[in-house]
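The values are calculated or read from the model by the stated rules, or taken from the named source; none is laboratory data. Small disclaimer: the values here were computed from a predicted structure and weren't measured. All Cβ positions, glycine included, derive from the backbone under ideal geometry; neighbour counts span all protein chains shown.
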Amino acid sequence: MKAFMQSLKNDKVGFIGFIGILLVVIVAILAPVIAPHSPSEIFNEHILQGPNAQFLFGTDELGRDIFSRVVFGAQVSLQVSLTAVGIGAIGGLVLGLISGYFQGKIDQIIMRVMDVFFAFPDILLALTIIAVLGPSLTNTMIAIGIVFIPVFTRLVRSAVMSVKENEYLTSAVAVGVHPLKIIAKHVTPNIMAPFIVQVTLALSGAILTEAALSFLGLGVQPPDPSWGVMLNASRAYMEFAPWTILFPVTAIVMTILCFNLLGDSLRDLLDPKLKS
Amino acid sequence: MLIPVLFGVSIVIFIALRVIPGDVAATILGTDATPETLAQLRKNFGLDLPIYEQYLQWIGGVLTGDFGESMRTGKEVLPDILDRFAITFELTILAAIISWIIAIPMGILAGIKRNSKTDFSVRVISLLGVSVPNFALATVLILVLSLSFSYSPPVGYVGFWEDPIRNLQILFLPALVMGTSMAGAVMRMTRSSILEILRQDFIRTIRAKGAKEKIVIFDHALKNAMIPILTIIGLQVGVLLGGTVIIEQIFSLPGLGQLVLTGINQRDFTVVQGAVLFIAFVFVLINLLVDLLYSYLDPRITYK
Amino acid sequence: MSSVLDIKNLSIDFASKKKTYNIVKEFNLRIDKRMKYGIVGESGSGKSLTSLAIMNLLPEVLNISEGSITMQTKEKIDLTKLSPKEMRKVRGKDIAMIFQEPMTALDPLYTIEHQLVEVLRIHTKSSKKEMSDLGLEMLKKVGISRPAETLKSYPHQLSGGMRQRVMIAMALICKPKLLIADEPTTALDVTIQAQILDLMNDLSEEHDTSILLITHDLGVIAETCDRVAVMYAGQIVEETTVKQLFTNPSHPYTKGLLESIKSLGDKERDLYSIPGNVPTPFNYQEMGCRFASRCPHAMSICKTEPAMYQIEGDHKSKCWLHAEEVNLNDEQYLRVGSQ
Amino acid sequence: MMKKEYLLTFILFAVVAIMVACSNEAAENEGTDENTSDGENQAEQVLKIANDQEPAGLDPHKTPAHSSVRIYSQVYSGLVQLDEKMNLEGDLAESWEQPDDQSYVFKLREGVTFHNDREMTAEDVKYSFERILDEETASHIASYFANVESIEVLGDYEIQFNLTAPDATFLSNLTNASAVVVAQEVVEENGGDLQQVAVGTGPFKFQEWVPDNQVVLVKNENYYEEGLPKLDEVIYFTMKDEAARMSAIRTGEVDLTSLTAKSASLLENEENLDIKNYQSLEYSYVGFNVNSELLSDVKVRQALSLATNREAVADIVWNGDAVVSGPVAPSMGDWAIDVTAHELYANDIEKAKQLLEEAGYPDGFEITITTASTYPDMVNTAQVLQQQWAEIGVDAEISQIEWGAYIDTWSNTSADVLIGRNGSGTDPDRALQYFFHTDGSANVWGFSDEEFDQLTETGETTLEQADRKEIYTEAQEVLLNLSPNLFLVSPMSYVAASKSVEGFTPYPHNGEDILEVTKQ
């Protein structure tokens, strides 16, 4: 781990990404301390004001403090992406492990179901799931999570299958070690590298998906501020109030950029094929 | 592969639509609804039948090429889907081409100059495209172009074969927005594939032959890297096909995405079912095509 | 006799951000026309790097810091001073190379014909037909039984031996003055190894091509070469004719190597291997004689680097034992070696 | 190897073939590109309108959606219509009389032809209204004419409607854009459905509808009014995104488009644009499920009304361009009462708290406000109310749902508090009886009040205008006091028109009157 951090430090780009993410996490955790106002407090007299001393980033169409909303938005956006990716990754891990390890009929069934979900376009799938479950923050996270499951399942399954080819596993099975033990001990650590990379990339994907859902009116419920919701609302006002789009878009771009840079570097670091 | 997946998709979407609250009769009538007219309308659409019967009727029609009529507009579903698919498909292909034009050279450059300043800047620039949500980028583009250059894309879609220039004018901006958002992933894949390929022994062999770097990179490294790149392109074309919803709406393009979105909002079951099934069909087909392309590019793979 | 290749005082450095490490040092070598020259050494000794340096194909982090590589083409040229464009004209045409791993040395996506003819396309202006015919002829020469068919096939359809034959055909198709073969037989079955070596020998004689053979296998040297250089930790430690090397090995490292092969053939004895490990380039600097830590004859003077000493004729050894000015009874030369 | 290449070629070929086939189909629907591509040519009388919604179908008897009405109302005509001052005037009917309280006789214009050149006669009127009343049609306006007992053709140009009871709303219901005359043979040719075709007697002929793209109407040369319409062609483009509509109107790609108040204020300084506005017939409201335990208490509803600052809603949500409204929108003129003076509109927090205490909720309560994500104004209204109500201790959570689910929630009253917008029609009967009578079709709230029921029943059958006004004034008072809904504000509607458009004036009941419009 220490060595890993060291090599991450050596990779400047990855390190920038890591620091960026760390910053967003800190802002999210300390949101109540950092934000001067409640993110949903409406100041009737201050609608669409430009950045000033009282409202650092200006106010939005309902007279709410954009700075506070961006700060709390970090909380909401991170919560959405972490939970969604958590659902997708854990779901995919379990299904992929089962599918890849046991193969046969159960693999057939799982993979066919995954194919069905894979064949649905992402946004439409999320849209349908939210429509079925009813819109709420939790359901948005679940929907995005479900969208991610097939990707993770495929990834884990193929990794498990390639690990399973190894002779030491064959011998472990022959000796009579319990399959679960084998999975925990041998398979899981071996698939961690591609898995972690996929997770970082999915995290940024989740933020974007939430933004897209916000555009369709199915994102986070008002008055909660997610960056996607803010961005979508600002579209109507960006001409005379450019600050309404500037700050949330900067937040979203920087975060996604950092996730991607980190993901890329992790890929370079963890992929044995790219090691120099 | 094709049949069971499509069958699964048809069942999932059929059931999902009926689980979602609301139906087409209520959305059509709105505040003008009376219980009698609602009941009558549902009867007219066959929504009073048991679910399995509705499904059998629908899927039976689909199997004979009859996707039914839109419950809302009375338009035949299949011809509408095909018309719109032509647009969405063209948009997707243009977006893909734009992203390749951006991403592949950048990916190669970043791969060759790994860990240099060029590498860093190329990575950051191409990732910027992915980082901005499509709809924000699209709106900003529209606004800036109309304010600063008094330009807006021509209104009223025209097919490519009717007026290619006007058609491309209409599609360029949306394709650009989608292309930039896709470029990051393609760039990333190109870069890492090139990195991997350049490490291979045969690249040294080719250099030892006295080949120019141009031959090394384009004839050999890129061709080999194309295989993983193709995977991601295949996936992305599939994703794009369904991901045009937002772009189509912003740029007023009469594509499949809008059809599905309006269909879902209006609970136009026949339209949504037909369109989703069709999109899934195309998605599977594209994956098949990508598999075929693999075997064409890579003599080691034989496709059965 | 005129030399084909003359390497003088070659040094290869590895430059990291903080520090520069020397990897190959004071490398001298001369290959005459039709000579078959061998370089032998363990992996990590720098022998492959040297061959890459000749081709100017060193990885980016490595660079030639000193010395010259003179090649006799129409005129004498120093390869280290060539522009990339000029160097490309030499590669494949004047110097060709065969690599160790025939399984991965060919681009999997192109037919054998394409890859065979590619060299010709780069260096000549022949017509397609001529090139194709020449390719077919070369395949026949390297003993491929169904050359026409092989021409149209892809690398994965061929066996390792076949691929190495293709590599040889590819290397010799432009009739180069020098063929560098880097472990050409290591990855092959023993039965095929001999065939490939014979083939190389025969063809190089036919084409008047000199050979620089790089291997870790003294047996291969014995079978193929006229002269040999033994490399250890980035330096040549002994250089002589093959005959001399086997009859009169001088450097303790060479002796150790020979010992280890002998023990392979003799089941009665324990397998002999040189104790200790090959040092890494990171601590070359502080060492005198780089073999000292593993040398049974190590002395305190070995903390100072020995020069290349002439033993007799053109038999050279880089060991204090062969230094004329050394009085072995002198106290400073007391044995402090590991054994 | 060869086989593989063949297969690949085949698939590529198939894909191309599909694309060509698709585009050919699109090409068949040609005929518009000529005109659309030279929009610069001002001499051409072509009006381009950008719409925010795609028409939902063109059958006037089956489609109440505004996006459809604005189009088919140019193609079809009814018996009577409203002039700019909202007075009745003849359309297909030249004149009408009432032989008795329960019957109407209309004299039709002679020589009016359908767009298929067949003359329109009384038989067509009879057919059309019978089609509306036919259960199978499931027409949304069937309920307006539920009291039509019989329709008699008295001659080619004379027709009589017999009602079951006197109905003061009958004539005004006839002005509904859906109460129009269709041609029987066209209905029959199209399997009973007019969603994809439109053959009427109106000023414009339907030419083509390219889904999610455009609807093209062309001049009806045989329109019964000489010299009208002045335009040769009208093209409706579907442009759902406001940013795209703004851009298109700015750059002159379209001539006319509706906008939100905020966007309109941005365009006010544009040299080549005219911004027109009119008070809409709509009002926004908060609907209560009066059967829920909490909201069945009138004091709770009144408290919420008092806690609501309607002016703030108008300011924040509508950029100040909205007027406080009751159940009858102010743009209905005399019918609407002045609500601003009403005690429940006073935004009196203290009194609201007091009412809550009396109702047994001294510390307030928790509630969910449901709103439609499709309309930003509804979402914003919900957020403003959430904050306003918090002042009396009401802890509201917002649930925004998409349109299909919203309609479902509305019709099943599955939300306790629902934000919405109503179009109150052109007659107070619709605005009051239909929405709040115990048996009113749109009374989804479970509201029932005997006094109100009686008032609206009497209002419907009272023919004397002054009496009606009195009755409806009282009914509105009752409704406000009982607050089954909180009526909020009625917004202004905005239209941006290019300066080259002449003779265009929007009215509350007709936002797109283009009959006399010309292009310069």
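Side notes on the structure shown:
- Qualifying residue in the range C:150-158 (condition: basic (Lys, Arg), exposed (fewer than 15 other Cβ atoms within 10 Å of the Cβ) and at pLDDT below 85): no
- For the range B:237-256, a residue qualifies if it is in contact (Cβ under 8 Å) with a residue 60 or more places away in the chain and at the interface with chain A (Cβ under 8 Å from one of its Cβ atoms), and the qualifying residues are B:LEU241, B:GLY243, B:ILE246.
- Complete set of residues in the range D:48-92 that are in a strand (DSSP E or B) and free of Cβ contacts under 8 Å to residues at least 40 places away in the same chain: D:GLU89, D:GLY90
- Residue in the range B:231-246 that is assigned to a helix (DSSP H, G or I) and over 30 Å from B:ILE142 (Cα atoms) present: yes
- Scanning the range C:164-196 for residues that are surrounded by 22 or more Cβ atoms within 10 Å (Cβ to Cβ) and assigned to a helix (DSSP H, G or I) yields a count of 10.
- The condition of being free of Cβ contacts under 8 Å to residues at least 60 places away in the same chain and within 20 Å of the chain's Cα centre (by Cα) holds for D:ASP241.
- Residue in the range A:213-222 that is crowded, with 23+ Cβ neighbours inside 10 Å, at pLDDT 80 or above, of a type in the set (S, T, N, Q) and over 28 Å from A:PHE72 (Cβ atoms) present: no
- Restricting attention to the range C:132-156, the residues being in a helix (DSSP H, G or I) and either more than 28 Å from B:SER295 (Cα to Cα) or small (Gly, Ala, Ser) (or both) number 9.
- Residues satisfying the stated conditions in the range B:112-161, i.e. more than 7 Å from chain D (Cβ to nearest Cβ) and outside any helix (DSSP H, G or I): B:LYS113, B:ARG114, B:ASN115, B:SER116, B:VAL132, B:PRO133, B:PRO153
- Condition check for D:LYS276: more than 30 Å from D:ASN481 (Cβ to Cβ) and away from chain B (no Cβ under 14 Å): yes
- Test result for B:MET189, touching a residue at least 12 places away in the same chain (Cβ under 8 Å), touching a Leu at 6+ places or on another chain (Cβ under 9 Å) and not aromatic (Phe, Trp, Tyr): no
- Within the range D:435-461, considering residues that are buried (at least 18 other Cβ atoms within 10 Å of the Cβ) and among the β-branched types (Val, Ile, Thr), the one farthest from D:VAL298 (Cα to Cα): D:THR456
- B:ALA95, sole failed condition from (1) more than 30 Å from A:THR244 (Cα to Cα); (2) more than 14 Å from chain D (Cβ to nearest Cβ); (3) in contact with a Ser or Thr (Cβ under 9 Å, 6 or more places away or on another chain): (1)
- Flag for A:THR140 being at pLDDT below 70 and either surrounded by 17 or more Cβ atoms within 10 Å (Cβ to Cβ) or of a type in the set (Ser, Thr, Tyr) (or both): no
- Within the range B:9-28, being of a type in the set (D, E, K, R) and either within 7 Å of chain D (Cβ to nearest Cβ) or crowded, with 16+ Cβ neighbours inside 10 Å (or both) holds for one residue alone: B:ASP23.
- Among the residues examined, A:THR255 does not qualify as away from chain D (no Cβ under 13 Å), part of a helix (DSSP H, G or I) and surrounded by fewer than 21 Cβ atoms within 10 Å (Cβ to Cβ).
- Inter-residue pairs, beta-carbon under 8 Å, first farther than 14 Å from A:ALA143 by Cα and in the range A:86-108, second in a helix (DSSP H, G or I) and small (Gly, Ala, Ser), 6+ apart: A:GLY96/A:ALA159; A:GLY100/A:SER158; A:GLY100/A:ALA159; A:ILE106/A:SER99; A:ASP107/A:SER99; A:ASP107/A:GLY100
- Close Cβ contacts (under 9 Å, 6 or more residues apart or on different chains) running from residues in the range D:506-518 that are closer than 17 Å to D:THR175 by Cα and assigned by TED's automatic domain parsing to the domain that holds D:LEU217 to residues that are surrounded by fewer than 20 Cβ atoms within 10 Å (Cβ to Cβ) and among the β-branched types (Val, Ile, Thr) comprise D:ASP513/D:THR505.
Rundown of residues vs (1) buried (at least 22 other Cβ atoms within 10 Å of the Cβ); (2) in contact with a Pro (Cβ under 9 Å, 6 or more places away or on another chain); (3) of a type outside the set (D, E, K, R); (4) within 13 Å of another protein chain (Cβ to nearest Cβ), yes/no style:
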site: C:ILE64; (1), (2), (3), (4): no, no, yes, no
site: C:GLU75; (1), (2), (3), (4): no, no, no, no
site: C:LEU82; (1), (2), (3), (4): no, no, yes, yes
site: C:PRO108; (1), (2), (3), (4): no, yes, yes, yes
site: C:LYS128; (1), (2), (3), (4): no, no, no, no
site: C:LEU139; (1), (2), (3), (4): yes, yes, yes, no
site: C:ALA148; (1), (2), (3), (4): no, no, yes, no
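- Check on A:SER77, in contact with a Phe, Trp or Tyr (Cβ under 6 Å, 6 or more places away or on another chain) and crowded, with 24+ Cβ neighbours inside 10 Å: yes
- Restricting the range B:29-52 to residues that are more than 7 Å from every other protein chain (Cβ to nearest Cβ) and hydrophobic (A, V, I, L, M, F, W, C), the residue that is surrounded by the most Cβ atoms within 10 Å (Cβ to Cβ) is B:PHE45.
- Any helices (runs of 4 or more DSSP H) falling wholly within the range D:307-418 and containing at least 3 residues that are away from every other protein chain (no Cβ under 13 Å) and buried (at least 20 other Cβ atoms within 10 Å of the Cβ): D:349-359
- Residue count for the range D:388-413 under the criterion of being more than 30 Å from the chain's Cα centre (by Cα) and of a type in the set (S, T, N, Q): the result is 0.
- Here B:ALA211 meets each of (1) in a helix (DSSP H, G or I); (2) in contact with a helix residue (DSSP H, G or I) (Cβ under 6 Å, 6 or more places away or on another chain) with one exception, condition (1).
- Of all positions in the range D:144-164, at least one carries a residue that is buried (at least 24 other Cβ atoms within 10 Å of the Cβ), part of a helix (DSSP H, G or I), on the phi < 0 side of the Ramachandran plot and in the same structural domain as D:PHE114 (by TED's automatic domain parsing).
- Of residues in the range A:54-74 being in a loop (DSSP other than H, G, I, E, B) and surrounded by fewer than 24 Cβ atoms within 10 Å (Cβ to Cβ), the one farthest from the chain's Cα centre (by Cα): A:GLN54
For (1) surrounded by 24 or more Cβ atoms within 10 Å (Cβ to Cβ); (2) within 14 Å of chain A (Cβ to nearest Cβ), each residue gets a yes or a no:
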residue	(1), (2)
B:THR180	no, yes
B:SER192	no, yes
B:ILE197	no, yes
B:GLN200	no, yes
B:THR205	yes, no
B:ILE217	no, no
B:LEU222	no, no
B:ILE232	no, yes
B:LEU235	no, yes
